[in-house]
Structures are given as C-alpha cells and as structure tokens.
Amino acid sequence: MPITYGMMKRATAQLYEWSLRKVPDDTLDALRRARESETNEVARKTLGILLRSAEMAETQDRLVCSDSGVPNYVIAIGTGVRLEGDIKRALVDGFDELVATTNPPLLKHVTNPLTNERSYRGKEMPLVTWDLIDGAEYVDITCQPKALGSGRWAAMEIFTFPTLEQIEAFVMECVLKAGSQHCPPVNIGVGIGGTFDYCAKLAARATLRPYGTKNPEPILAAMEERLLKAVNATGFGPMGTGGDTTALGVHVEYAAGHGFTPVAVAYNCWINRRTRARLYEDGRLERIE
C-alpha cells in the first residue's frame, strides 16, 4: 500500500497542531534543570512561569503561545516508499483544514512580503524542505513552526577562510544584537560552510537537535561549550529578566565548501517548537521525541 494524499494531509496537520500545544520533553527537562541552577531569583521565578504555562497548555489543551507562527516542515522520503496522489498539495490542504477546525482559532500570521497583507494562505506556504533517506520504508516528517521569536533574529555572514575565533565572534555579535527579543531561553543553531542557501539549512537543522546531545565532531563539541557559556554570560536571562539562562543549548553543524565560508545563526524561542513522526505505508504515524 502506498503513502497517499490523505495520509500526508492528516499527518502534517496533526504534527503542526501538536507542536502548538506541547513543549518537547527534552526542552521541559532543560527548563527544569535551568530553574534548579539559576542564581537570579527573578529569573528562577520566570522559568517557573514558563514551565507552568507549558503544563497548562498540555493538560488543558491550549496553545502554548498565541503566536502560532507559520507551518514549516522538513520532510525526508525513504527511497523504499511508494507515493500516490498529490503529496505536495496534501500539506496545503492539511493546513487549510487545521485552520478551519482547530480551537482556539489560529491568528493570521501568513504574510505577503510585498503587501504585508495577512491571511492563512500564501505563495510557497507551507514552507517545506525535502530530502531523501536511502533504504527507508517511511516518510520522516518534522514540523517546526516559525514565529517572530524563532525567525526575526536569524543572520548570516560570508567569510573568507575564517578562524574558529572569527566564527565564534560573529555568533556572539548576533546574540548581542538579538538581546532578549527572541523570547529566551533560546535554542541556538549555527551552520558553517557549504553555500549561502545550504548554510542556512544547516543552522535550521542544528536547532532540531535535542538538548543534551553531544556533537560527534570534537572541534564543534568544544565550540558549543564555549559559545553556550559565553551566551549565558551576557546576563539577558529568561524573557530578559536577567540571570544565567539566556540559552539552553548551542548546536553547530558544518559542511565542506569553497574558500568562502558562510556562517548562519538561527534561533528557536523557549518553547522550542518541533514535532517529528514517521509515516508508514500501512498508515501508522509513529511519534519521535
């Protein structure tokens, strides 16, 4: 049995709705650890408020934040999967159905950049990055809605043969510019290398890594530790209240490239929205944390 239009429509709509109502478990754990280690009393209370907000959204079936963002997916298709029907169209129709049925209703965040008109529909919406997984017999779907906190302060610079010190200095420039306007404590993703477009993809991919995972590249593992320490030393703190917890994690990905080296910085706000599942040909949707 192939994966059909209807299966993709249901799966992508469900993932988007789940991401709006449930803070990922790794993020909840990181917030709890931060509250325990935070030395600033106001920041500690703020982290407590964030945790209570997450709990109420999950137990009372509410949105964690009214800024539901726009639907953004990373979809990797297994080469062993058969597809049937208008698969790309399924994502559009799934979002339309969610808009019509979800409660509380979503706000109109889909914006035409030429006219600033807001609605629920728009060119290239939902935003999708496609990939392949050799040999897999499923479609791997990640939904990461992009809202103001997770999108506004992303940045990129292109260097020529930069040193690690130059790369880290640029990341910190971006952090200082953003301040606390991206709703910290944030998840910071850094992409290094490739091309202009590929580097941005790397930075976005880095924000999908769960908190607590160690980079397998020793150079990058050490860079992540230095950057996290430096970011939290800025003192912006949770929601700008001051303290030790401006970021819960810094994750770095890299790719080989030319002598020109793009460096991209991306963020997820404290909610760290992301839901992931594997869709199989028998219709099963397997959640992955």
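Scanning the range 92-114 for residues that are assigned to a loop (DSSP other than H, G, I, E, B) and touching a residue at least 24 places away in the same chain (Cβ under 8 Å) yields Thr102, Pro104, Leu106, Leu107, His109. Here Ala277 passes the criteria (1) at pLDDT 95 or above; (2) open to solvent by 40 Å² or more (accessible area, probe 1.4 Å) except the one numbered (2). Based on what the data block shows, is Val81 β-branched (Val, Ile, Thr) and within 22 Å of the chain's Cα centre (by Cα)? Taking the combined requirement at face value, the residue does not satisfy it. Checking Thr234, Thr245 one by one, the residue that is of a type in the set (Val, Ile, Thr), outside any strand (DSSP E or B), touching a residue at least 40 places away in the same chain (Cβ under 8 Å) and buried (at least 22 other Cβ atoms within 10 Å of the Cβ) is Thr245 and no other.
Of all the criteria given as (1) closer than 24 Å to Ile271 by Cα; (2) not in a loop (DSSP other than H, G, I, E, B), the one not satisfied by Arg62 is (2).
Within the range 215-231, the residues that satisfy the criterion of being among the aliphatic types (A, V, I, L, M) and either open to solvent by less than 50 Å² (accessible area, probe 1.4 Å) or under 16 Å from Phe170 (Cα atoms) (or both) are Leu220, Ala221, Ala222, Met223, Leu227, Leu228, Ala230, Val231. Filtering the range 53-80 to residues that are hydroxyl-bearing (Ser, Thr, Tyr), open to solvent by 80 Å² or more (accessible area, probe 1.4 Å) and within 23 Å of Phe95 (Cβ to Cβ) leaves only Ser66.
Residues that are open to solvent by 60 Å² or more (accessible area, probe 1.4 Å) and either of a type in the set (A, V, I, L, M, F, W, C) or assigned to a loop (DSSP other than H, G, I, E, B) (or both) were ranked within the range 81-91; the one that is nearest to Val128 (Cα to Cα) is Asp86. When Ser68, Ser19 are checked against the criterion of being under 30 Å from Val128 (Cα atoms) and part of a helix (DSSP H, G or I), a single residue qualifies: Ser19. The set of residues in the range 248-268 being outside any strand (DSSP E or B) and open to solvent by 20 Å² or more (accessible area, probe 1.4 Å) consists of Ala256, Gly257, His258.
The values are calculated or read from the model by the stated rules, or taken from the named source; none is laboratory data. Just so it is clear, the model here is predicted, and its values are computed rather than measured. A quick note on method: Cβ atoms are made from the backbone with ideal geometry, for glycine too, and the neighbour counts reach across all protein chains shown. Protein only, heavy atoms only, side chains kept; ligands, DNA and RNA dropped before computing areas. Shrake-Rupley method; radii C 1.70, N 1.55, O 1.52, S 1.80 Å.
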